[in-house]
């Protein structure tokens, strides 16, 4: 029975992975066509029409999505470890929501707080990933590492926050190099934000990452305390 359940989990991972791969390939083809056809600058008459830089951002995100979706399988092959299938499925769902729905389908502008929802989701997911990493190291026979629940939770929180900060650095860098708008420093109609308003998107993202990562880390901390007394299963139950 356990073999059948494991096969179903792996099928879900493959289904979501293949679906995301096909969607991103189609989106790349679409954005290349739109880059050729779109105007270079906005005019008064078409203030809400996407221009070439918008589609360049979309293309970069789709290509990046294809690259990063391969990371789990590369890590599993190179390091001979098995990342929980549930986490990989959540990872693919997050990429679909962030790249296809967010950038290609314009959910960042159409759905209120879409960016905030995704950052809350990613912060929680990265926090859970941090817990899994420590669990893997603790269980590895060739590594002498045993951390207390507090330091496991601290690592998970810092890991998630560091990943969120790295993402903001990526957005800031490519916004500057390619004149993009990943950090939403300019409104959709082309009006640039100034002062504190220009910082709100970045700081909101980091704060949301921190809050969701803290919530997962705190939950995991108490779960580990119970685990030490034999009241719960191992940390994989979080995933």
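The values are calculated or read from the model by the stated rules, or taken from the named source; none is laboratory data. A quick note: this is a predicted structure, and the numbers were derived from the prediction, not measured. All Cβ positions, even for glycine, are placed from backbone atoms using ideal geometry, and neighbour counts span all protein chains on display.
Odds and ends about this structure:
- Screening 56, 89, 104 for residues that are within 23 Å of the chain's Cα centre (by Cα) and at pLDDT below 90 leaves exactly one candidate, 56.
Quick grid of which residues meet (1) in contact (Cβ under 8 Å) with a residue 60 or more places away in the chain; (2) more than 19 Å from residue 31 (Cα to Cα); (3) in the same structural domain as residue 25 (by TED's automatic domain parsing); (4) part of a helix (DSSP H, G or I):
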site: 65; (1), (2), (3), (4): no, no, yes, yes
site: 82; (1), (2), (3), (4): no, yes, yes, no
site: 88; (1), (2), (3), (4): yes, yes, yes, yes
site: 101; (1), (2), (3), (4): no, no, yes, yes
site: 119; (1), (2), (3), (4): yes, yes, no, yes
site: 123; (1), (2), (3), (4): yes, yes, no, yes
site: 126; (1), (2), (3), (4): yes, yes, no, yes
site: 131; (1), (2), (3), (4): yes, yes, no, yes
site: 136; (1), (2), (3), (4): no, yes, no, yes
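- Residue match in segment 173-182 (condition: at pLDDT below 80, surrounded by fewer than 15 Cβ atoms within 10 Å (Cβ to Cβ) and either outside the structural domain of residue 217 (by TED's automatic domain parsing) or in a loop (DSSP other than H, G, I, E, B) (or both)): yes
- Screening 187, 129 for residues that are under 26 Å from residue 103 (Cα atoms) and buried (at least 19 other Cβ atoms within 10 Å of the Cβ) leaves exactly one candidate, 129.
- Test: residue in segment 186-195 that is within 18 Å of the chain's Cα centre (by Cα), free of Cβ contacts under 8 Å to residues at least 60 places away in the same chain and either in a helix (DSSP H, G or I) or closer than 23 Å to residue 120 by Cβ (or both): no
- Within segment 215-228, the residues that satisfy the criterion of being out of contact with any helix residue (DSSP H, G or I) (no Cβ under 6 Å at 6 or more places or on another chain), within 13 Å of residue 124 (Cα to Cα) and surrounded by 15 or more Cβ atoms within 10 Å (Cβ to Cβ) are 215, 219.
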